[in-house]
Amino acid sequence: MSETQPPSHQPLRIDGHVHLVGDGSSGSRCWLKLDGWLRRLQGRMLMSAAGLPLHLLKGGLDKAFERRLAELIQTSSLDGLLVLAQDEAYQSNGTKIEGFGSFYVPNGHLFEVCDRNPGLYPACSIHPARADALEELEMALQRGCRVLKLLPNCLNVDCADRRFIAFWERMAAGNMALLSHTGGEFTLPQTNPDFANPRRLQLPLEAGVTVIAAHAAGRSGLWDPDWTRDLEVMAATFPNLFCDNSALCSPNRWRTLPALLNGPLRNRVIHGSDYPVPSGGLGPWLGGLLRRADWRASSSIANPIERDVFLKTKIGFPADSFTRLDALTGLSQAWKKGV
């Protein structure tokens with residue numbers, strides 16, 4: 001039994017998948033690395049989608065990105081944003097893989113941002129192979145953090161590795177959910193694409209962790225495996241398995257939408273945008289999931305967080321998909337109070 005149960009309160013409407021990005025310009029220890037022409041192009045596209053000027057790629061991104069998140073929640077119909085840290089990649093023996101990855105956001109910076117800005121709630125990121133992993137996890141739990149975010153395929157985390165069982169058990173005892181990337185990945189460099197297979201999440205599920213499979217294990221690129229059916233089969237065994245619909249209004253991921261609207265996962269979906277990944281209605285419209293009038297109307301919504309809410313609602317996701325994250329974890333109340 002967990003030491004902290006979700007409190008009985010009216011759950012908030014929360015975007016459960018919003019990235020924090022920084023460059024270290026404020027002393028945050030964040031870093032952003034865009035190597036090669038493709039990564040630089042992606043960086044420019046993400047900045048444009050985020051509504052931020054391109055010159056920030058040369059400095060000043062820390063404070064500007066924080067201000068942008070505060071502005072987005074203030075002009076949205078949502079009550080809050082779950083903002084994600086990003087750990088670095090490690091070997092299974094705890095050795096850091098130096099120089100790998102595109103960005104890093106430490107938990108300390110994330111917590112400071114969420115402390116300063118009402119409506120922002122933290123999802124820490126801790127590689128379970130780190131020597132200080134349990135100590136860092138304990139700190140996050142004591143602060144009232146109730147979600148941990150991992151990109152196993154990018155950070156080199158094999159969630160099926162039994163050496164991490166104590167980490168999963170502590171998360172379960174502290175009522176901390178695991179938001180884990182599943183499925184294909186196009187934006188970030190990967191260490192092992194198979195670590196995004198949802199089957200590798202069985203061990204934390206067996207340990208009692210509430211697991212949220214980001215992107216519902218669908219494709220990103222044309223040649224990616226589609227593991228959504230695997231997720232559906234697992235959901236029949238594990239009532240603590242959920243998924244999110246983040247980035248599913250992007251042109252490369254919309255094909256996963258029908259499975260979440262009509263399949264066995266429909267009552268397990270958590271709303272998420274994947275900001276600053278672009279969200280638009282072209283893919284869902286081409287797939288017959290969105291009326292042309294609604295697609296056109298979405299283009300007039302300047303706030304990308306709110307645009308994603310509009311699209312997900314018009315596509316057919318129910319009201320409880322927006323409140324499910326807070327209902328499961330009580331994260332909004334936990335962050336206010338700590339432990």
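Values quoted throughout were computed directly from the atomic coordinates according to the rules given, and no laboratory measurement underlies them. Here the structure is a predicted model, which means the values were calculated and not measured. Neighbour counts are summed over all protein chains in view; Cβ atoms, including those assigned to glycine, are modelled from backbone coordinates with ideal geometry.
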Before anything else, pin down the relative contact order of the stretch 14-337: Cα pairs under 8 Å, at least 6 apart, normalised by residue count, whole percent.
17 percent
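Compute the FRET efficiency between N192 and I165 as 1/(1 + (r/R0)^6), taking r as their Cβ-Cβ distance and R0 = 22 Å, and round to the nearest 0.05.
It comes out at approximately 0.65.
Can you give the FRET efficiency to the nearest 0.05 for A49 and R292, using r as the Cβ-Cβ distance and R₀ = 25 Å?
With R0 = 25 Å, the Cβ-Cβ based efficiency is 0.70.
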Per the helix-only calculation at 222 nm, which mean residue ellipticity applies to the chain, given -39500 (n - 2.57) for every DSSP H run of n ≥ 4 and division by its residues, nearest 500 deg cm²/dmol?
-10500 deg cm²/dmol
Formal net charge of residues neighbouring L286 (Cβ-Cβ distance under 11 Å; K, R +1; D, E -1)
+2
Which of the trypsin sites (Lys or Arg not before Pro) across the stretch 239-278 are loop residues per DSSP, with 16 or fewer other Cβ within 10 Å?
R266
Excluding same-chain pairs closer than 8 in sequence, count the lysine pairs in the chain whose Cα atoms lie under 27 Å apart.
12
DSSP loop GluC sites (Glu not before Pro) with at most 14 other Cβ within 10 Å excluded, longest remaining stretch of the chain:
99-339
